[in-house]
Amino acid sequence: MKTSWRTASMVVTAASVLALTTACGQDNGTPSSAAQNVGATAPAGSPTTGAGAGNGYGADGNQSSSSPTPAAPAGKLTADTNPTLGKVVTDGSGLTLYRFDQDTANPPKSNCDGACATTWPPVPADDATAGAGIDKALLGEVTRADGTKQLTIGGWPAYRYAKDAKAGDANGQGVGGKWFALAPNGKKASLSSLPGLSVRKDPKLGDIVVDKNGMTVYRFLKDKAWPKSVSNCTGACLEKWPAVGIVKPDDTRGVQKKGLMGFTRPDGVKQMTVNCWPIYTFSGDKAPGDTNGQGVGGTWYAVAPDGKPVGAPGH
């Protein structure tokens with residue numbers, strides 16, 4: 001099969017590093033455990049997977065090999081944050097895009113036809129444009145066996161999943177052990193693509209800070225930020241609310257840089273702050289996206305990008 005694709009040079013942008021003051025007790029050094037939660041009890045939960053069929057494509061057994069109906073246009077592609085998978089590529093309708101392990105990226109080639117392409121509709125290349133978080137240099141196309149042009153991202157042919165019903169669904173993740181959500185760079189989406197601290201839009205709380213595992217970050221109203229950071233969560237409290245370890249300022253996205261620093265607790269634990277306020281995760285949150293710690297005891301609240309406690313009375 002003859003294939004065609006576009007190539008473009010990657011643009012390397014030098015990241016600027018902001019100089020932060022040492023107010024609120026920032027340590028000069030960063031320990032090797034940076035970007036990890038001190039006392040975290042478990043890694044992020046496994047993503048939801050669909051039930052793969054015997055044909056290896058995840059297609060229903062009763063589907064025929066007839067040609068699939070024309071796929072909807074791709075529209076503006078966006079890099080959205082999935083609480084389980086990290087950054088994933090979505091189309092103009094918010095639907096997750098996938099890649100197939102039996103395809104190739106160099107050169108681009110699709111090996112999903114017939115019943116496979118019914119369950120996994122190829123994404124048309126014609127109208128695809130790069131939106132927020134998408135590098136247009138990584139967008140290309142491949143000519144399929146039927147002559148249609150399919151979108152490629154980082155060389156990998158892109159698909160939707162027929163069982164994703166609405167924006168944000170990722171039911172195709174891991175199907176048959178061969179299908180995976182696409183990261184913006186064309187690789188398989190994973191939480192490793194999340195920075196040490198970033199911002200997630202929660203449907204109830206709005207913009208809140210999450211750690212590198214996608215877990216919600218909290219503030220304790222009994223703590224202090226000025227003139228130096230002080231944590232009043234010790235002993236059994238710290239077991240229930242693990243301190244977030246030090247994160248380098250350049251390993252954050254969307255979080256206010258002012259007061260973004262670490263300090264050493266009296267117990268020797270290195271803890272991160274947002275706007276000088278100590279931050280924690282909650283042992284009662286079992287999966288990325290959980291906010292079970294919100295409002296606990298009237299003293300624990302999710303952290304906004306500027307360090308304020310989301311929903312706390314008087315704040």
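Contact annotation: residue pairs with Cβ atoms under 6 Å, 6 or more positions apart or on different chains, pairing a residue in region 139-160 that is within 12 Å of Asn106 (Cα to Cα) and assigned to a loop (DSSP other than H, G, I, E, B) with a partner that is at pLDDT 95 or above and hydrophobic (A, V, I, L, M, F, W, C), are Gly154/Leu138; Gly155/Ala105.
For region 279-299, the set of residues classified as under 19 Å from the mean Cα position of the chain (by Cα) and either modelled with pLDDT under 95 or under 12 Å from Lys204 (Cβ atoms) (or both) consists of Asp285, Lys286, Ala287, Pro288, Gly289, Asp290, Thr291, listed by residue number.
Those residues that are among the β-branched types (Val, Ile, Thr) and open to solvent by less than 10 Å² (accessible area, probe 1.4 Å), I need them from region 138-160; list them, please. Before you say what the answer is, go through the steps one by one.
Within region 138-160, the subset among the β-branched types (Val, Ile, Thr) is 142-143, 148, 152-153.
Across region 138-160, the qualifying residues are Val142, Thr152, Ile153.
Considered as a group, the residues in region 91-125 that are over 27 Å from the mean Cα position of the chain (by Cα) and part of a loop (DSSP other than H, G, I, E, B) include one that is nearest to Pro184 (Cα to Cα), and that residue is Pro107. Candidates in region 223-234 are the residues that are open to solvent by 50 Å² or more (accessible area, probe 1.4 Å) and of a type outside the set (D, E, K, R); of these, the one that is farthest from the chain's Cα centre (by Cα) is Pro227.
Scanning region 191-222 for residues that are open to solvent by 40 Å² or more (accessible area, probe 1.4 Å) and in a loop (DSSP other than H, G, I, E, B) yields a count of 7.
Number of residues in region 262-315 that are of a type outside the set (Lys, Arg) and assigned to a loop (DSSP other than H, G, I, E, B) equals 32.
Here region 161-180 is the region considered, the condition is being buried (at least 22 other Cβ atoms within 10 Å of the Cβ) and of a type outside the set (Gly, Ala, Ser), and the residue that is farthest from Val89 (Cα to Cα) is Val175.
Limited to region 126-137, what total is found for residues that are outside any loop (DSSP other than H, G, I, E, B) and either acidic (Asp, Glu) or without any contact (Cβ under 8 Å) to a residue 60 or more places away in the chain (or both)? Steps first, answer last, please.
The initial filter retains those residues of region 126-137 that are outside any loop (DSSP other than H, G, I, E, B), namely 129-130, 136-137.
Of the ones still in play, those that are also either acidic (Asp, Glu) or without any contact (Cβ under 8 Å) to a residue 60 or more places away in the chain (or both) are 129-130.
Here the count works out to 2.
Considering only residues of region 293-315 that are under 16 Å from Val274 (Cα atoms) and of a type in the set (Val, Ile, Thr), which is surrounded by the fewest Cβ atoms within 10 Å (Cβ to Cβ)? The residue in question is Val310.
The values are calculated or read from the model by the stated rules, or taken from the named source; none is laboratory data. Everything numeric here is computed off the predicted structure, so don't read it as measured data. When we count neighbours, we look across all protein chains shown, and the Cβ atoms used for this are built from the backbone with ideal geometry, even at glycine. Side chains included, ligands, DNA and RNA excluded: accessible areas come from the protein's heavy atoms. Shrake-Rupley method; radii C 1.70, N 1.55, O 1.52, S 1.80 Å.
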